[in-house]
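Remarks on the structure that follows.
The values are calculated or read from the model by the stated rules, or taken from the named source; none is laboratory data. Keep in mind that what you see is a predicted model, and the values were worked out from it rather than measured. Neighbour counts are summed over all protein chains in view; Cβ atoms, including those assigned to glycine, are modelled from backbone coordinates with ideal geometry.
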Amino acid sequence: MQTHVAPNRTHLGRREFLLRAGTGFGAVALGSVLQQDGRLPVSQAQAASPAQLPKAKSVIWLFMNGGPSGIDLFDYKPALSKWDGTFHPGGVKSLFPHPGPIMESPFKFRQHGQSGAYVSDVYPHIAQHVDDMVFLKACTSTELNHTPACYMVNTGANRVGAPSFGSWTTYGMGTENESMPGFVVMFDPERTPEGGANLWDSAYLPGEHQAVPMHPTASPISYLKAPAERTPKTQRSQLDLLKQWNRKHLQHHPGVPALETRIRSYETAYRMQTEVPELVNVADETAATQDLYGLNDPRCELFGRQLLMARRMVESGVRCIQIYHGGYPDNWDHHEDLAEGHTSLCYSSDRPIAGLLADLKQRGLLDSTLIVWGGEFGRLPTSQDRTGRDHNPFGFAMWLAGGGVKAGTSHGELDELGYKPVQDATSIHDVHATILHLMGIDPDALTFYWNGREQSLTNGLGNIIHPIVA
């Protein structure tokens, strides 16, 4: 598959530089639209045929911000009880000095499903779906602190300036619906995730691949609604005139994708004014469906509504949806009172996630929708402040469901205390490469020429985890 943009090494004048750098909110999710219109080369729209038939058409990434403890949720380690109160024999590397003794899990584990997977009692609803999941139990990261670790999971780099996973996805596949963005991000507007908007930025990729933040409110996208005094007819006339001017300007500045993108961005924003409000209005969902996502429970309502919107987005052709659960100060970063903190966040996410899995499955969408669950790292087996756990990027758990994964299985293993991998360690680059593969994209062929070389999401560091691919 030819999936790279031809290098452009020509000197840019000041006017051209400003034109190319000037994209803003409007340049979202329009690559495939431009290609459909025949005004943007396929190599830039990334609408070329995939290297293989994709198993997943869409991905929903559930990001547990703050670092959930896999050894307290999905990776049962009985040895924690055996060695509770003693110090780790080899010591552990921690963010804060003087880690405490080994701490047993405050939660009970039970086996579930035909696969017999262990799940903590604080996730009773999710536990009913283990036979649809594959657990990655030996994930690793290079970053010990939140912000660079969040960058790593979201962009494959530990610093600002790299495109997000969702941006690479839409760059590689385009969007199925020209009236909707290809990449949408949702989070609690009162609790911004660590790393902020850089987590879903398109960076050096064309601006149309940047995520659109959306909220489950009457105004889901900021500044989308036209002023009351501007009628649809008036707005249509203004857009047509603006398009005429921009086209004339483009004739004098050919080969400037940012300007072409901006022209189409106005059209998409115009169409979104009708489609987006209908998308977020879940009143037409049955009472049973709303209950499935926990919308009748104030503690689950926000996350449940976001996940219900995600399902509706999948039905509308949105390619990538990323939903952040938790944000400072109410996130998964429990250096103390882990039992209380994790119990609360598990409660608010359990029914919504289980509801999403059940809803997608009963609608026949789970096979073509990949669900990803995880955070930026996990937690250490040792205690901090007696009741919490410090960060552990050396070994943590994630899981995937739907979208062509080998359901009812697990991959990788940590040592008996849940500190470091002893079998099949999985890097973040491996996770990215595997997800792209499941979506029909060759992770090594999906490149973009920038800063003197071909860039990619994995930069040659990721290996497809073939044992988890069905």
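Residue check: is Ala433 touching a residue at least 24 places away in the same chain (Cβ under 8 Å) and within 30 Å of Glu301 (Cα to Cα)?
Numbers: touching a residue at least 24 places away in the same chain (Cβ under 8 Å): yes; within 30 Å of Glu301 (Cα to Cα): no.
Considered against the rule, which asks whether it is touching a residue at least 24 places away in the same chain (Cβ under 8 Å) and within 30 Å of Glu301 (Cα to Cα), Ala433 comes out as no.
How many residues, within segment 300-354, are surrounded by 24 or more Cβ atoms within 10 Å (Cβ to Cβ) and of a type in the set (Lys, Arg)?
Looking only at that region, the number is 2.
Return the residues of segment 302-347 that are in a helix (DSSP H, G or I), polar (S, T, N, Q) and either closer than 17 Å to Asp359 by Cα or within 17 Å of the chain's Cα centre (by Cα) (or both); say none if nothing qualifies. Please lay out each step first, then the result.
Narrowing segment 302-347 to residues in a helix (DSSP H, G or I): 302-316, 338-347.
Those still in the list that are polar (S, T, N, Q) too: 306, 316, 343-344.
Within segment 302-347, Gln306, Ser316 meet the criteria.
Counting only residues that are out of contact with any His (no Cβ under 9 Å at 6 or more places or on another chain) and hydroxyl-bearing (Ser, Thr, Tyr), which one in segment 404-436 is nearest to Gly156 (Cα to Cα)?
Per the stated criteria, the residue is Ser427.
What about Ala211, is it more than 21 Å from Lys57 (Cβ to Cβ), hydrophobic (A, V, I, L, M, F, W, C) and either loosely packed, with under 14 Cβ neighbours inside 10 Å or modelled with pLDDT of 80 or more (or both)? Spell out how you get there, then give the answer.
Values: more than 21 Å from Lys57 (Cβ to Cβ): no; hydrophobic (A, V, I, L, M, F, W, C): yes; either loosely packed, with under 14 Cβ neighbours inside 10 Å or modelled with pLDDT of 80 or more (or both): yes.
So Ala211 fails the test.
Would you mind stating whether Ile102 is over 18 Å from Leu400 (Cβ atoms), aliphatic (A, V, I, L, M) and over 26 Å from the mean Cα position of the chain (by Cα)? Walk me through how you get there before you give the answer.
Values: over 18 Å from Leu400 (Cβ atoms): yes; aliphatic (A, V, I, L, M): yes; over 26 Å from the mean Cα position of the chain (by Cα): yes.
Criteria met by Ile102.
Out of His466, His411, which single residue is free of Cβ contacts under 8 Å to residues at least 40 places away in the same chain and either buried (at least 23 other Cβ atoms within 10 Å of the Cβ) or more than 30 Å from Pro97 (Cα to Cα) (or both)?
On the way: His411 fails: free of Cβ contacts under 8 Å to residues at least 40 places away in the same chain.
That would be His466, the only listed residue that is free of Cβ contacts under 8 Å to residues at least 40 places away in the same chain and either buried (at least 23 other Cβ atoms within 10 Å of the Cβ) or more than 30 Å from Pro97 (Cα to Cα) (or both).
Across segment 81-110, which residue is surrounded by the most Cβ atoms within 10 Å (Cβ to Cβ) among those that are closer than 19 Å to Thr343 by Cα and not hydroxyl-bearing (Ser, Thr, Tyr)?
Met103
Report, by residue number, each residue of segment 427-455 that is among the polar types (S, T, N, Q) and surrounded by 23 or more Cβ atoms within 10 Å (Cβ to Cβ).
Applying the first criterion (among the polar types (S, T, N, Q)) to segment 427-455 yields 427, 434, 447, 451, 455.
Hit for segment 427-455 is Thr434, nothing else.
For segment 446-460, indicate whether the set of residues that are within 19 Å of Pro393 (Cβ to Cβ), over 18 Å from the mean Cα position of the chain (by Cα) and modelled with pLDDT of 95 or more is non-empty.
Looking through segment 446-460, none of the residues is within 19 Å of Pro393 (Cβ to Cβ), over 18 Å from the mean Cα position of the chain (by Cα) and modelled with pLDDT of 95 or more.
Across segment 189-203, which residue is farthest from Ala149 (Cα to Cα) among those that are crowded, with 19+ Cβ neighbours inside 10 Å and charged (D, E, K, R)?
In this case the residue turns out to be Asp201.
Among the residues in segment 113-134, are any touching a Gly at 6+ places or on another chain (Cβ under 7 Å) and under 30 Å from Phe448 (Cβ atoms)?
The answer is no, given that none of the residues of segment 113-134 is touching a Gly at 6+ places or on another chain (Cβ under 7 Å) and under 30 Å from Phe448 (Cβ atoms).
If the requirement is being under 25 Å from Val134 (Cβ atoms) and either at pLDDT below 95 or of a type in the set (Ser, Thr, Tyr) (or both), which of these qualifies: Ser348, Ser265? Spell out the reasoning first.
Details: Ser265 fails: under 25 Å from Val134 (Cβ atoms).
The conditions single out Ser348.
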